[in-house]
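The values are calculated or read from the model by the stated rules, or taken from the named source; none is laboratory data. Bear in mind the structure is a predicted one, so any value in this text is a computation, not a measurement. Every residue, glycine as well, gets a Cβ built from its backbone with ideal geometry; the counts of neighbours run over all protein chains shown. The area values use the complete protein model at the heavy-atom level, side chains included, leaving out ligands, DNA and RNA. Shrake-Rupley method; radii C 1.70, N 1.55, O 1.52, S 1.80 Å.
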Amino acid sequence: MAELKRITSLEDSLPEEGNVNTFFYQTHSVTDEGPNEAVREKEQKAEVRKIEHRDLQNLEDSEKRKRKIKIIKNLLVISFGFLLLFTAFQSLSNLQSSVNSVQGLGTASLSVIYAALVVSCMFVPTFIIKLIGLKYTLIASILMYSTYFAANFYAHWYTLIPTSIILGLGGAPLWTAKCAYLTETAGQYAAITGQTVDNLVVRFFGVFFMIFQSGQIWGNLIAYHVLSPQTDSANATLELDPTIYETCGANFCNENKVVSNNTNLERPPDSKVYTLCGIYTGCSILSALFVFAFLDPLHREGDEDKKGKARPSFGLLISTFRHLKNPYQILIVPITIFSGLEQAFVIGDYTKAFVSCAWGIHNVGYVMICFGVADALSSIALGQLIKWFGRIVIFTMGALVNVATLITMFLWKPLPDNVTVFFVIAALWGLSDAVWQTQINAVYGILFPSNEAAAFANYRLWESLGFIIAFAYAQFLCINVKMYILLIVLGIGYSGYLAIEIHLRMRLRRQEPSEPANGTFETGMPEKISN
């Protein structure tokens, strides 16, 4: 979905030119010993890599070819391993509010996942990676996801909630290990070929996301075909009492008795659910086996010594909350929370109140394919558009598209013969979501270039909080109330972002020097700010 990967993916800061060289050290060198110890560790790692890269440059041509093939193979192994895993996770998440709707179990499990993820981001990744290494961190984390898929065979509070905690705790190590592995191997490939590390990291992550993003398509296609009824779905929905459709869309409330009589919202037969869960669980186990069999472990100098010193650290937690002294961070918190709220809305509320209610649960996957494709294509296009129009225009476009889509959803009465509208709304939401995911990440990287670890920890914290809040109140609030909340938070968030941009431009006009970040304003490079 748009989705756990975005909350946990520390690599979101990587594609920004200039961030890639510092990312690995910043996310792994925050320790309880303080900043001096972190700086020393960073310098030691940099020196080790210089020696390793010098050795790679001096290899024979035949050996260089073998190393290049090996690195590309490992890139593809990680990419397809994640494709298998998130083919299952993304589509199963899209279905939770509809398939496990009794007492809000499905959305509650998603809320717990993101709560556990916040804890995991603060304490777990560095500890686990130092303890068992990057490869086995990936495998262990994938298997932690598998427990959640298996629990959906017998979905109850005592099965889904514990496995949601397990999955959430595994999320941060999974993405951190993947990010570190690709960054490290990109550096090795750059040393062999003589290319710049920045360019190679961007290309490696481009290949990864090109493969990874297709999971939204394959997973939802599986869901659509497995859950489709034997009879024609359109005819089945048209036989419903017309008054039932009045309770769909913006009028949808879980407490409404008419909603409980809507056969479109009935859980699919257990045989279909078991088939779907079996396919998804199989995908996750296959992912773990694939990585185990074909991914080469990274052996780096000093790794064995670190295993004995591995322990949970409170350093990142402390630096995360210290970073809230920065006024820019305070101003950007509301729009960050909104990015979590809007993703949770399309995953948990649009799929249930609009698609499932009026058109049937089996069509959720069908519609979410459109959302995923629009999101991915828009993310690619925005990279070029921001060069032409600048950041403020792109942010404003995202806000206007979101507002226009919400107004349409207030006015529209979803019916099974309005098929095109289901897809148009999903596509427009995918476009606006692409704006928030790409541009909010970019703004964090630009505003806080000297403190990225704490800044992106705040990003994960507040976006995760948006998910947690949205999934927590999903069962208790009507859809129209949730949509008003989205509009209010979007308004506050956009105002906060605009205040940052105005202040930056005022400072640039005065040509003020950068100030320290300890409770005051911090900015990035002037040429970046002026985009």
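Tabulated data for the structure shown
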| read-out | value |
| --- | --- |
| So Phe338, is it modelled with pLDDT of 90 or more, farther than 30 Å from Phe448 by Cα and assigned to a helix (DSSP H, G or I) | no |
| Matching residues in the stretch 95-109 - criterion: being assigned to a helix (DSSP H, G or I) and at negative phi | Leu95, Gln96, Ser97, Ser98, Val99, Val102, Leu105, Gly106, Thr107, Ala108, Ser109 |
| Residue tally, condition within 30 Å of Leu200 (Cβ to Cβ) and open to solvent by 10 Å² or more (accessible area, probe 1.4 Å), over the stretch 145-183 | 1 |
| Restricting the stretch 133-162 to residues that are free of Cβ contacts under 8 Å to residues at least 24 places away in the same chain and not aromatic (Phe, Trp, Tyr), the residue that is nearest to Leu182 (Cα to Cα) | Thr147 |
| Residues of the stretch 343-369 satisfying the condition of being under 18 Å from the mean Cα position of the chain (by Cα) and closer than 13 Å to Gly430 by Cα | Gln343, Ala344, Phe345, Val346, Ile347, Met368, Ile369 |
| Flag if Leu110 is within 26 Å of Ala455 (Cα to Cα) and either open to solvent by less than 10 Å² (accessible area, probe 1.4 Å) or at pLDDT 95 or above (or both) | yes |
| Leu92 being under 30 Å from Thr193 (Cα atoms) and out of contact with any His (no Cβ under 9 Å at 6 or more places or on another chain) | no |
| Close pairs from the stretch 361-377: first open to solvent by less than 20 Å² (accessible area, probe 1.4 Å), partner among the basic types (Lys, Arg), Cβ under 8 Å, at least 6 apart | Ile361/Arg267 |
| Check on Thr351, assigned to a helix (DSSP H, G or I) and surrounded by fewer than 19 Cβ atoms within 10 Å (Cβ to Cβ) | no |
| Long-range neighbours under 7 Å by Cβ, at least six apart or interchain, first residue surrounded by fewer than 19 Cβ atoms within 10 Å (Cβ to Cβ) and at pLDDT 90 or above within the stretch 383-409, second of a type in the set (Asp, Glu) and assigned to a helix (DSSP H, G or I) | Ile392/Glu501 |
| Conditions (1) part of a helix (DSSP H, G or I); (2) closer than 24 Å to Pro268 by Cα: number failed by Gly430 | (2) |
| Residues being of a type outside the set (A, V, I, L, M) and surrounded by fewer than 24 Cβ atoms within 10 Å (Cβ to Cβ) - total across the stretch 113-125 | 1 |
| Some residue of the stretch 186-209 being open to solvent by 10 Å² or more (accessible area, probe 1.4 Å), under 15 Å from the mean Cα position of the chain (by Cα) and within 25 Å of Leu110 (Cα to Cα) | yes |
| Of residues in the stretch 454-478 being in a helix (DSSP H, G or I) and touching a Cys at 6+ places or on another chain (Cβ under 7 Å), the one modelled with the lowest pLDDT | Ala457 |
| Selection count, the stretch 126-140, where residues are buried (at least 19 other Cβ atoms within 10 Å of the Cβ), touching a Pro at 6+ places or on another chain (Cβ under 9 Å) and more than 16 Å from Glu184 (Cβ to Cβ) | 1 |
| Filter pass, Ser313 being farther than 27 Å from Leu504 by Cα, more than 18 Å from the chain's Cα centre (by Cα) and either modelled with pLDDT under 95 or in a helix (DSSP H, G or I) (or both) | yes |
| Whichever residue in the stretch 427-459 is small (Gly, Ala, Ser) and open to solvent by 20 Å² or more (accessible area, probe 1.4 Å) and, among such residues, is nearest to Ile488 (Cα to Cα) | Ala427 |
| Filter pass, Leu289 being at pLDDT 70 or above, open to solvent by 80 Å² or more (accessible area, probe 1.4 Å), under 30 Å from Lys70 (Cβ atoms) and under 28 Å from the mean Cα position of the chain (by Cα) | yes |
| Which listed residue is in a helix (DSSP H, G or I), touching a Ser or Thr at 6+ places or on another chain (Cβ under 8 Å) and at pLDDT below 95, from Ala150, Ala116 | Ala116 |
| Residue in the stretch 417-426 that is surrounded by fewer than 20 Cβ atoms within 10 Å (Cβ to Cβ), assigned to a helix (DSSP H, G or I) and touching a residue at least 60 places away in the same chain (Cβ under 8 Å) present | yes |
| Failed condition for Ile492, given (1) within 28 Å of Leu317 (Cβ to Cβ); (2) β-branched (Val, Ile, Thr); (3) buried (at least 19 other Cβ atoms within 10 Å of the Cβ) | (3) |
